[in-house]
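Structure first, then comments.
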Amino acid sequence: VILPTQHEDLASVGNSANEILSKFERVDLLINNAGMSYNPDNIENVSLSAHGQDLAFTVNYLSHFLLVEKLLPTLSKSDGRVVHLTSTFHWKVDGSELIPDGDYGCPVAYQGDPGKRSPKHVVRSYGNTKLAQIWHSRRING
């Protein structure tokens, strides 16, 4: 099933997860492929989501995190798999700008400053979203 979701809006992601849970008793495979990046040559498009987070962090990571966490009990019932499509950009950052949840071990916020609107921010923003996806994948796979 392909379910259109507005990944920049976490309420839309939550609604999509609820719709899946209401229609299906099991989920065998979840592929997270939503993604965006800023154009380093046009840094005026760097922006925040409605939730006050870096827009790329919201689309590339927080939306996937929310969807997986809401569906995880159903995925677990069927030994389901989660696939996060990511990139090698995680090598360009060290994770120091990610704010982890102490109990959960996964990033919950990105502290980069989109107001700087610099090409360096664009690369760091995207790289941190990819690193956060990898951390989340490692946590859910034990």
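The values are calculated or read from the model by the stated rules, or taken from the named source; none is laboratory data. Quantities reported herein were computed from a predicted structural model and do not represent experimental measurements. Accessible surface is based on the protein model in full, side chains and every heavy atom, while ligands, DNA and RNA are left aside. Shrake-Rupley method; radii C 1.70, N 1.55, O 1.52, S 1.80 Å.
What residues qualify as long-range amide H neighbours of LEU48, i.e. H under 5 Å apart, gap of 5 or more or another chain, H built at 1.01 Å from N?
LEU55
For the stretch 50-65, what does the Karplus curve 6.51 cos²θ - 1.76 cosθ + 1.60, with θ = phi - 60°, yield as ³J(HN,Hα) per residue in whole Hz, taken in order and with x for Gly and Pro?
4, 8, x, 9, 3, 4, 5, 5, 5, 5, 7, 10, 4, 5, 5, 4
Which of the lysines could be linked to LYS120 by a straight reach, that is with a Cα gap under 21 Å, when you skip same-chain ones fewer than 8 residues away?
Hits, sequence-local ones excluded: LYS92, LYS130.
In what order, largest first, do THR74, THR86 sit by accessible area if the probe radius is 1.4 Å?
THR86, THR74
How long is the gain from ASP94 to GLN6 if the chain were fully straight, where each residue apart is worth 0.36 nm and the alpha carbon distance is subtracted?
Residue separation times 0.36 nm, minus the Cα-Cα distance, leaves 28.8 nm.
With θ set to phi - 60°, apply the Karplus curve 6.51 cos²θ - 1.76 cosθ + 1.60 along the stretch 127-136 and write out the HN-Hα couplings as whole Hz, x wherever there is a Gly or Pro.
After applying 6.51 cos²θ - 1.76 cosθ + 1.60, I find x, 5, 5, 6, 5, 4, 4, 5, 4, 5 Hz.
Figure the gain on full extension for LYS23 and GLU69 (residue separation times 0.36 nm, minus the Cα-Cα span) and round it to one decimal in nm.
Extending this stretch completely gives an extra 14.8 nm.
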